[in-house]
Amino acid sequence: MKVQFAKSVEAYVELVEKKLLEKEACNNLILGILERLKQNNEGAYYLGWVEKDKELLFPFMQTAPNNWVLPDWGQFVGEEVIRVAVKQIWDQGMEVPGVIGPEQYATIFAKEWEDITGNQPVVHMQEWIYQLDAVNQVQQDGELVIAQEKDLSLLIHWLQQFGEEAGEKITEKQAEAIARRNINQHSAFLWQVGKHYVSMANRSRTTKNGATINAVFTPDQHKEKGYATSLVAALSQQLLDSGYQFCSLYTDTSNPISNHVYQKIGYYKVGSAIVYSF
């Protein structure tokens, strides 16, 4: 077995996309990142794979300085394949802040990195991956609106609060950059009741047939009123109406409320992921 790194995004996509699309919703992260890199490949990124006798065994990737991403590859490829990938990452002096992927692969990755470096992995989050093909009828009190420049300060504030709830510290500078990008890309949505905004969500990365929703947040004073349910249902329907075959999203496995809300809308579990930090 040996490890290779692609010199172009296009060549890597040609190599891995067909297999990744077999579990498109589960692989929305890696597919979505590759889709974005095809449009704008600025910054450091590493597109690797393990092969044997020129046969692709397992891909892995990173957009620095983010976590390494492992795919849902269907049938288990074996521990040694993952170890070979981790050893090559170490040999090339690449940074490993963490790893995200199916538990069977990410856990092997984390253990091998610990064995090599002595850095003990910490489980940052365990997540369910959901898919939706049709929206269930839900009561909707309010209106879906696209966030505008005038809403920038609100998005910055809510993104920071969202980060606190998710255990991901987001600085004001980071929140502003995210908010500006989402507004410019027309991907940030707000739920309006009367004259007030009560919830937000973002249409995140897209894949060949699907779109991912993230950053779903409702401030405390508006919680438990069904606003997030209405927002996600309306946004999901809009995405389906625009031509996507399905929507996907991640949830924290330890949050029964959000998991119930998404299932009520029509989302169903298709996979899981674990995030290790070092």
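Translational D (Stokes-Einstein, µm²/s) of the chain at 25 °C and 0.890 mPa s when Rh comes from the Kirkwood sum over C-alpha pairs?
On the way: Rh = 19.7 Å.
D = 125 µm²/s.
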DSSP loop trypsin sites (Lys or Arg not before Pro) in the range 18-73 with at most 11 other Cβ atoms within 10 Å of their Cβ, which ones? Lys54
Nonlocal amide H pairs with His124, under 5 Å, H built at 1.01 Å: Val275, Tyr276, Ser277
Taking the Cα atoms only, what angle lies between the long axis of helix 79-91 and the longest principal axis of the chain, rounded to 10 degrees? 90 degrees
Give the share of C-alpha pairs in each 5 angstrom bin for the range 132-267, from 0 to the last occupied bin, in whole percents, shortest bins first. 2, 11, 21, 24, 22, 15, 5, 0
For the range 212-217, Karplus couplings with θ = phi - 60° (6.51, -1.76, 1.60), whole Hz, Gly/Pro x: 9, 10, 9, 6, 7, 8
Could you check the simple spin-label distance between Asn66 and Val193, using points 7 Å along Cα→Cβ, in nm with one decimal? 3.3 nm
Defining a contact as two alpha carbons under 8 Å apart and six or more residues distant in sequence, what relative contact order in percent does the chain show? 24 percent
DSSP-defined beta bridges in the range 180-258 - what % are antiparallel, rounded to 5: 75 percent
Considering only C-alpha atoms, what is the centroid distance from the range 117-176 to the range 183-222, in Å? 8 Å
Taking the Cα centre as origin and putting +1 on Lys and Arg beta-carbons and -1 on Asp and Glu beta-carbons, what dipole magnitude results for the chain, to the nearest 20 debye? 400 debye
Going through the range 154-259, which GluC sites (Glu not before Pro) have at most 15 other Cβ atoms within 10 Å and a DSSP loop state? Glu168, Glu224
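Evaluate the charge dipole of the range 61-131 about its Cα centre and quote only its size in Debye, nearest 20, assuming +1 on the Cβ of each Lys and Arg and -1 on the Cβ of each Asp and Glu. Could you put the intermediate results ahead of the total?
On the way: 3 positive and 10 negative charges, 15 e Å.
Using Cβ point charges on Lys, Arg, Asp and Glu, the range 61-131 gives about 80 debye.
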To the nearest 10 degrees, the tilt of helix 103-117 (Cα long axis) against the first principal axis of the alpha carbons of the chain is 60 degrees
Taking protein heavy atoms only, a 1.4 Å probe, and rounding to whole percent, the accessible area of the range 132-267 owed to carbon and sulfur comes out at 46 percent
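What is the diffusion coefficient of the range 39-155 in µm²/s, taking the Kirkwood radius over Cα pairs and the Stokes-Einstein relation at 37 °C with a viscosity of 0.692 mPa s? Walk me through the intermediate numbers first.
On the way: Rh = 17.4 Å.
The Stokes-Einstein estimate is 189 µm²/s.
Once you have the Cα-Cα distance between Arg180 and Gln75, take 0.36 nm times their residue separation minus that, and quote the gain in nm to one decimal.
In short, 33.7 nm is gained.
Where both partners of a DSSP beta bridge lie in the chain, what percent of those bridges are antiparallel, to the nearest 5? Spell out each step's value before the answer.
Numbers: 46 of 51 bridges.
If we restrict to bridges inside the chain, about 90 percent are antiparallel.
Taking the range 33-80, which GluC sites (Glu not before Pro) meet the DSSP loop condition and have no more than 12 other C-beta atoms within 10 Å?
Numbers: sites: Glu35, Glu42, Glu51, Glu55, Glu79, Glu80; in loops: Glu42.
In loop regions of the range 33-80 (DSSP not H, G, I, E or B), the sparsely surrounded GluC sites (Glu not before Pro) are Glu42.
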For the range 1-43, rounded, prolate or oblate, judged on the Cα gyration tensor with a ≥ b ≥ c (square roots of eigenvalues), a/c < 1.5 rounded, else prolate if a/b > b/c? oblate
Roughly speaking, what is the stretch gain from Tyr46 to Gln148, that is 0.36 nm per residue apart minus the C-alpha to C-alpha distance, in nm to one decimal? 33.3 nm
Past the 21 Å Cα-Cα mark, which pairs from Lys2/Lys38; Lys225/Lys269; Lys150/Lys173; Lys23/Lys264? Lys2/Lys38; Lys225/Lys269; Lys23/Lys264
If unit charges are put on Cβ atoms (+1 for Lys and Arg, -1 for Asp and Glu) and the dipole of the chain is taken about its Cα centre, the option from Leu152, Pro59, Val261 lying farthest towards the positive end turns out to be Leu152
Projecting each Cα onto the charge dipole of the chain (Lys/Arg +1, Asp/Glu -1 at the beta carbon, about the Cα centre), which of Val275, Trp191, Thr212 comes out farthest on the positive side? Trp191
The chain: angle of helix 172-184 to the longest principal axis, Cα-based, in degrees nearest 10: 80 degrees
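The values are calculated or read from the model by the stated rules, or taken from the named source; none is laboratory data. All values reported here derive from a predicted model rather than from experimental measurement. Neighbour counts are summed over all protein chains in view; Cβ atoms, including those assigned to glycine, are modelled from backbone coordinates with ideal geometry. Protein only, heavy atoms only, side chains kept; ligands, DNA and RNA dropped before computing areas. Shrake-Rupley method; radii C 1.70, N 1.55, O 1.52, S 1.80 Å.
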